[in-house]
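Asks: This structure is in structure tokens; I'll ask about it shortly.
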Amino acid sequence: MSSDNRPFVTDDSQVLTDTRDARMTGEDNRFNSKLREAFGSSPFILTKFDKFMNWVRGSSMFMLQFGIACCSIEMMHTYAVKHDLDRFGAGVPRASPRQADVIIVPGTIVSKFAPRMKRVYDQMPEPKFVIGMGSCTISGGPFQEGYNVVKGAEEVIPVDIHVPGCPPRPEALVYGVAKLQERIANGESSPVTVKPYELEQFGDLDRDEIVDQLAREIDEEDLVMRYNWADSP
Amino acid sequence: MSLEEPEPDVPAPVEEQSPDELAELLGDHVIGREEHLNAPGYVIRPDAVQDVLSTLKEEAGYDHLSCVTAQEYEDRYESIYHLKKFDDPTQEVSVVVPADRENPVSESAEPVFRTADWHEREAYDLVGIDYDDHPDLRRILLPESWQGHPLAEDYDQDRPQIVPLRENANPLQEDHRGEDDTDTMFLNIGPHHPATHGVLHLKTTLDGEQVADVESDIGYLHRCEEQICQNGTYRHQIMPYPDRWDYISAGLLNEWAYARAAEDMADIEVPEYAQVIRTMGAELCRIAAHMLAVGTFALDVYGDFTAIFMYAIRDREKAQNILEDLTGQRLMFNYFRLGGVVWDLPEPREEFFEKTRDFLEDLPEALEEYHDLISGNEILQMRTIDTGVLPPEVAKSYGATGPVARGSGIDYDLRRDDPYGYYDELDWDVVTEDGCDNYSRLLVRLREVEESAKIIEQCIDLLEDWPEEDRTIQANVPRTLKPDDDTEIYRAVEGAKGELGIYMRSDGTDKPARFKIRSPCFSNLQTLPEMAEGEYVPDLVAALGSLDIVLGEVDR
Ligand code: SF4
């Protein structure tokens, strides 16, 4: 078959000049994107290609198969027949975080789970995006006053889109995903800042009463998450 | 529960002891008597728990330790063992064990009832009672490093907490090999894993490909449901939460558990019309819940995301549409009110009836499809028949209920045995299978869908002909409910996964002083090691799938 095809010929005579020209026209914002603005990287990496890449990224999102609580039932309905998120190029759940680029956080996050969620998020390759599904991921939702409930996913990982509801209807989640795709296509993503609850080594914590109490149980190098419930919103 | 002639093989009535006979049986272990709304209570010495429970079990036939409630009073701690009989759950007795305020210790019930293991660990974790002679008294819901016991009086919710993230143990490292040099290997499943149905962590020890030991690590979804219910008023603020215990569309079934307990406590009579609506709604929920159970079970066994799972979701969507018409929500219905339901059937009623009837009409065909695809499939049969075996005696000692118990041949269904709602007026059967294996549990669920459909159909017939002037949907309930001080009640209903019970104690205010949830999944999950040990890893996954746990209810 391939023998009767004409060999694929590219015109590479202009490639060098084009690249050089592109680099020299610094003031011209043609190649700049929001992503570049945010990251401030050199034009060397970003070419026209980045716009294309953003579009591709938004149109073929691999979701992490991640279920926490009640909202995940509606999330399953969003993936399945009738709502069929796959129509929008975003419906292939991947079981491994290393193969996924979007994580939908569908449920209440409690103290025992937050470090695990952070770990799963860290394992996802860049660029990665987060959809917070439901009131629980916004503020703790109906369980806000619980002694064990983290007051929103944003306390632990950066969230790009919040979909409110308890639980949000599948239509709402589809809308949220579509909005995220729009943002990705525009090269936007939420800035990564230090969150109130981070994983740190136990030895790095300030020596206060509780650290002293736990010093016998926990190794210096163990990763821990410290919850300051009193400062939580 | 049939309207026809009683069947010939009606079991002989279970012998019942009067409270005084029981007191005599227990002799001088009893130091006081209490009256709970559901059962007589015996206050016993904290070092006689095993004696008393085994006497009640062996000599009086109380073979079902339904729940253990722990609570703190101003002057003492208290554990309550709620006992029932599998043969007749209306016969109940509460064993009340006080413990010292300064040094709360009482004897563990674990040697008598295996299920007490987790229940007492939970009591230790949340309330802080120590159980003597318990094999493994550790925290169960909260992280090991937690400080304080959150349901105790002096707990300070604002104190900081530190939770460690330990690396998963490395199976190749020397010290993770099991003892005596066998070639065992340690394997973590979860807490984020597609086969665990939520956030459950299984610590598994393998010997070759066989499971030598498995331990469930739960608490990744402990949302403080009991605390939140204790902070809510009876009348309106508690009802939204039951929807979120077993969130697989079993909302109305759960709401009924709370409604039943609170109505009995406050002596509220629910109008018959509302009972019929409740019965219908609850069974719709059961169908939706079982559909998901079947779909995910097939997903676990075949890894088939495209056909069966989608079929199950398709049928769930139909049930959810009907429920949405009825309640206004797809999942978190909040439809029951104390004394009835919040509103009547949607108008135009004919359309609603027609839609429901269409659903029921299509159901046999859908079930046929399931049988073709799932239960009739040779591969699935090879994977599930005779795997995950749970003998009835073991199931009972773990307090297993619902389809898990009925799949082991235990004929126990609260809808029939401890009737509530409109169930005893309708014609339906309790489904049991005696294979005791994964396959039986699957069959039980599929056949229960048929029974639920029967119930719904009869309810619709009734509702259609209900005279318009009699359509009372709510009883007259005072705006603020304040049950008498120190009233205690434990009431259960048949949820989608089994016996869902609520214990409440009032203190004369409009909020419960103690609110305890007896979750069927919590007890059912405890049977996992019994079913999985000695089996292959995939059978462990199948066994877990057949238990159909939902972590929202396990962890509460
Ligand atoms: S937002 Fe509501 S539905 Fe979603 S996880 Fe929280 S409680 Fe459940």
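The values are calculated or read from the model by the stated rules, or taken from the named source; none is laboratory data. The shown structure was predicted, so the numbers you read here are calculated from the model rather than taken from an experiment. Reconstructed Cβ throughout: ideal geometry from the backbone, glycine too, with neighbour counts over all protein chains shown. Areas reflect the complete protein model, heavy atoms only, side chains present, ligands, DNA and RNA absent. Shrake-Rupley method; radii C 1.70, N 1.55, O 1.52, S 1.80 Å.
Asks: When the chain is fully extended, how far beyond the present Cα-Cα distance does A:ARG98 get from A:ASP212, taking 0.36 nm per residue of separation? Each step should come with its number before you reach the end.
Replies: Numbers: separation 114, 0.36 × 114 = 41.04 nm, distance 3.66 nm.
Length difference between fully extended and current span is 37.4 nm.
Asks: If R₀ is 35 angstrom, what is the calculated FRET efficiency for the pair B:TYR536 and A:VAL56, using the beta carbon separation as r and rounding to 0.05?
Replies: E(calc), rounded to 0.05, equals 0.25.
Asks: Give me the base-10 log of I(q)/I(0) for the stretch B:225-264 at each q in 0.23, 0.24 Å⁻¹, Debye formula, one uniform scatterer per Cα, rounded to two decimals.
Replies: One equal scatterer on each Cα of the stretch B:225-264 leads to -0.70, -0.76.
Asks: In nm², what is the average projected area of the convex hull enclosing the Cα atoms of chain B?
Replies: Averaging across all directions leaves 26.5 nm² for the Cα convex hull.
Asks: Using the basic label-point model (7 angstrom from Cα toward the beta carbon), what is the B:ASP470 to B:ASP510 distance in nanometres?
Replies: Calculated label separation equals 3.4 nm.
Asks: On to the next question. What percentage of the solvent-accessible surface of chain B, computed with a 1.4 Å probe over protein heavy atoms, is contributed by carbon and sulfur atoms? Spell out each step's value before the answer.
Replies: Numbers: 8700 of 20060 Å².
That fraction is 43 percent.
Asks: Another one. For labels at B:GLU272 and B:GLU450 in the simple 7 Å Cα→Cβ model, what's the distance in nm?
Replies: Result: 3.0 nm between the two label points.
Asks: Oh, and also: Evaluate E = 1/(1 + (r/R0)^6) for A:GLU221 and B:ILE379, where r is the Cβ-Cβ distance and R0 equals 35 Å; express this FRET efficiency to the nearest 0.05.
Replies: With a Förster radius of 35 Å, E is 0.15.
Asks: Also, quick follow-up: Would you mind calculating the gained length between B:GLU58 and B:GLU21 on full extension (0.36 nm times residue separation, minus the Cα-Cα distance), in nm to one decimal? Walk me through the intermediate numbers first.
Replies: Numbers: separation 37, 0.36 × 37 = 13.32 nm, distance 1.48 nm.
Using 0.36 nm per residue and subtracting the Cα-Cα distance, I get 11.8 nm.
Asks: At q = 0.06, 0.11 Å⁻¹, what is the base-10 log of I(q)/I(0) for the protein assembly as shown according to the Debye formula with one equal point scatterer per Cα and no solvent? Please give it to two decimals.
Replies: -0.40, -1.31
Asks: Which FRET efficiency value, to the nearest 0.05, do you get for B:ASN103 and B:GLN147 by plugging their Cβ-Cβ distance into 1/(1 + (r/R0)^6) with R0 = 25 Å? Don't skip to the end; give the middle numbers.
Replies: Details: r = 19 Å, r/R0 = 0.76.
For B:ASN103 and B:GLN147, the calculated efficiency is 0.85.
Asks: Give me the dipole magnitude in Debye, nearest 20, for chain B about the Cα centre, with unit charges on the beta carbon: positive for Lys and Arg, negative for Asp and Glu.
Replies: Numbers: 49 positive and 121 negative charges, 391 e Å.
With Lys and Arg at +1 and Asp and Glu at -1, about 1880 debye.
Asks: Nearest 500 deg cm²/dmol is fine: what mean residue ellipticity at 222 nm does chain B get from its DSSP H runs of n ≥ 4 alone, each adding -39,500 (n - 2.57), divided by its residue count? Mind showing how you got there, number by number?
Replies: Numbers: 17 runs with 202 residues, N = 556.
Value at 222 nm, helices only: -11000 deg cm²/dmol.
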